[in-house]
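Presented below is the structure to which this report refers.
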Amino acid sequence: MKTRLFSLGILLSGILLFVTLTSQDQSEEAPPPDNYECLKCHGKNYYSFENEVTGMKVHKKMNPYFILNHQKYNQGVHNSFACIDCHLPEYETYPHAAELKLEPQYGCMDCHGDDPNYAKFHFDEISIEVEGSVHGNALGDDFKCEMCHNPHYYELGYSKDKRIEEIVATANNMCTECHNYSQDKFYLLSDSCAGNQDITHSWLPSKELHFKSVRCIECHSTISDSLIVSHNIVEKESAVKNCVECHSTDSRLMSTLYKHRAKESRSKFGFINGAMMNESFVVGATKNYYLNVISIVLFSFVFLIILFHAFLRIILKK
Amino acid sequence: MSNRIYLYPLVIRIWHFLNALAIVLLIFTGLSIQYSNPEYPFMRFDLAIIIHNYAGVFLVVNYLLFLGANIATGNRKHYKIIVKGFISRLFVQARFYSFGIFKGEKPPFPISQQNKFNPLQQLSYVAIMFVFLPLMIITGIALLYPELIPAKIFGIGGVLFTDLIHIVSGFFISIFLLIHLYFVTIGKTPLKNFKSIINGYHEENH
Ligand code: HEM
């Protein structure tokens, strides 16, 4: 009895030690970055500083493009970063030195390229696809990952298991920030006229609904075997216009938008393409196997009875 | 020799013709949409969708014509089921269709100005016109404006639920059509009833 108690004690203290060690580990790992030094100006519409020439405190309007949303920053994958992990420490002084504008900026590939830690995201493959896409072909290196992915807010839609609707909204927002009449971002890159998606897609019925339930890339990029998100955006002539590519049992949505769920539930309660079922209803793709079978059986049954009845009528009338 | 009764008022005949046209289009395009397949397209998907939508809206307007015409012409009396003894009358009619008809018996509920449908006809017409067609219309309008549909109904996606009702009702209407087409051939001659629904007169044959 005594030895039992003793070993129990050892076991308990062992667990206790393990718990304290690991919890300490965790608290050491993520010190909350204090970005107040930058955000006191870049987190607000107005900023103030001491004018060293006149010796007066001045209030000024912040350029809206240079304002960061603190909350969105904290939700992003890089929330553990201090601003000066990516930006030069010289930014800590204001007015910022003019030469800072000339310094090259860290891009996604500078940190993630060729890094086995992130192998599952296939950064290098993505980079090659972007280079070969319509954007890469037309604009070369000017079209960086940052054109679509805001390094400050970048979030992984899939791993957090967000609702499809949210994933779609975030992804489409990336494109419509440029591909819309009113967007200045487009004109940073091109002198041609940004088309209006409402007009160029008028052939698509229930356009609003489609743009809410599928991403632009479902139609505009090729299907990729290894990537969860294909980045190979092709020229408009090769975009998907054939409805049946999505609206059929073999829907391409299962290898694009629903790829990350496709394995988990291909047929739930006999629903073909069950992975889509909870979030959306895609005519022609969401079908029920049992209902199909029942309807065919019932229909044939009725048909046979009618044939039999007609047969008897013809024979017996004679 | 035969005495003619005027059974199908003109508006009803017009309604019926347009209704049949719309329903046949809807069934054809509906099947094409439901069983869409890139390799064996019944019909181009976007075309099927457009025809289905127009035919559906047309059907709704035409259904209103049916309701109006029934109120205006007094044809509605034929759709009133007299509950008392209805079940046993159904059995009598069913027995006639299963046996009596082959022995050359007289139909148990002869057609008259007051009574143009036999009990089975009456039940199926009422079920189709006042249960399945309205269900079809309500779910069809909802699918045309999917933003009106609640996100979840009974724990499954709202649009999915609506569509299931739409498809199941569509199935029953198709079955009805099959049976309907057969039963209207049961007359003095197989084509006689078709003549009635065109010229409005029923010719007494028994
Ligand atoms: C496509 C071909 C169709 C043909 C050839 C056809 C033929 C006929 C004929 C010959 C009659 C008169 C005989 C009788 O009273 O039973 C009739 C009546 C009727 N049919 Fe059809 N029909 C068709 C489709 C439909 C459809 C799709 C519906 C409903 C969804 C329908 C509903 C009715 C109703 C309610 C009546 C009784 C009308 C009245 O007198 O109030 N029919 N049909």
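Couple of notes before you dig in:
- Test: residue B:59 is open to solvent by 50 Å² or more (accessible area, probe 1.4 Å), more than 14 Å from chain A (Cβ to nearest Cβ), in a helix (DSSP H, G or I) and not aromatic (Phe, Trp, Tyr): no
- Residue in region B:145-163 that is near the ligand (Cβ under 10 Å from one of its atoms) and touching a Ser or Thr at 6+ places or on another chain (Cβ under 7 Å) present: no
- The residues on offer are A:78, A:135, and the sole one that is more than 24 Å from residue A:233 (Cα to Cα) and either not assigned by TED's automatic domain parsing to the domain that holds residue A:253 or not in a helix (DSSP H, G or I) (or both) is A:78.
- Helices (runs of 4 or more DSSP H) wholly inside region B:82-180 that include at least 1 residues being open to solvent by less than 50 Å² (accessible area, probe 1.4 Å) and touching a Pro at 6+ places or on another chain (Cβ under 8 Å): B:86-98
- Filtering region B:181-206 to residues that are more than 10 Å from chain A (Cβ to nearest Cβ) and part of a helix (DSSP H, G or I) leaves B:192, B:193, B:194, B:195, B:196, B:197, B:198, B:199.
- When B:70, B:75 are checked against the criterion of being more than 14 Å from chain A (Cβ to nearest Cβ), near the ligand (Cβ under 10 Å from one of its atoms) and modelled with pLDDT of 90 or more, a single residue qualifies: B:70.
- With respect to the stated conditions, residue B:109 is of a type outside the set (Gly, Ala, Ser), over 25 Å from residue B:20 (Cα atoms) and within 13 Å of the ligand (Cβ to nearest atom).
- Against the test of being in a helix (DSSP H, G or I) and modelled with pLDDT under 85, the options A:39, A:16 yield a single qualifying residue, A:16.
- Any pair with Cβ under 6 angstrom, 6 or more apart, that starts in region B:106-124 at a residue that is within 14 Å of chain A (Cβ to nearest Cβ) and ends at one that is near the ligand (Cβ under 10 Å from one of its atoms) and open to solvent by less than 60 Å² (accessible area, probe 1.4 Å): none
- Unique residue being in contact (Cβ under 8 Å) with a residue 40 or more places away in the chain and within 14 Å of another protein chain (Cβ to nearest Cβ) when the list is B:3, B:37, B:53, B:19: B:53
- Meets criteria (touching a Leu at 6+ places or on another chain (Cβ under 8 Å), open to solvent by 30 Å² or more (accessible area, probe 1.4 Å) and of a type outside the set (Lys, Arg)) for residue B:17: no
- Tally of residues being facing another protein chain (nearest Cβ under 9 Å) and near the ligand (Cβ under 10 Å from one of its atoms) across region B:164-177: 1
- Residue B:104 being away from the ligand (no atom under 16 Å from the Cβ) and over 22 Å from residue A:307 (Cα atoms): no
- Across region B:182-197, the number of residues qualifying as open to solvent by 40 Å² or more (accessible area, probe 1.4 Å) and near the ligand (Cβ under 6 Å from one of its atoms) comes to 2.
- Residue within region A:246-254 that is within 14 Å of another protein chain (Cβ to nearest Cβ), polar (S, T, N, Q) and open to solvent by less than 30 Å² (accessible area, probe 1.4 Å) present: yes
The values are calculated or read from the model by the stated rules, or taken from the named source; none is laboratory data. This one's a predicted model, so the numbers in the text were calculated from it and none came from an experiment. Don't worry about glycine lacking a Cβ; one is built from the backbone with ideal geometry, like all the others, and counts go over all protein chains shown. In case anyone asks, the SASA skips ligands and DNA or RNA and just uses the protein heavy atoms, side chains included. Shrake-Rupley method; radii C 1.70, N 1.55, O 1.52, S 1.80 Å.
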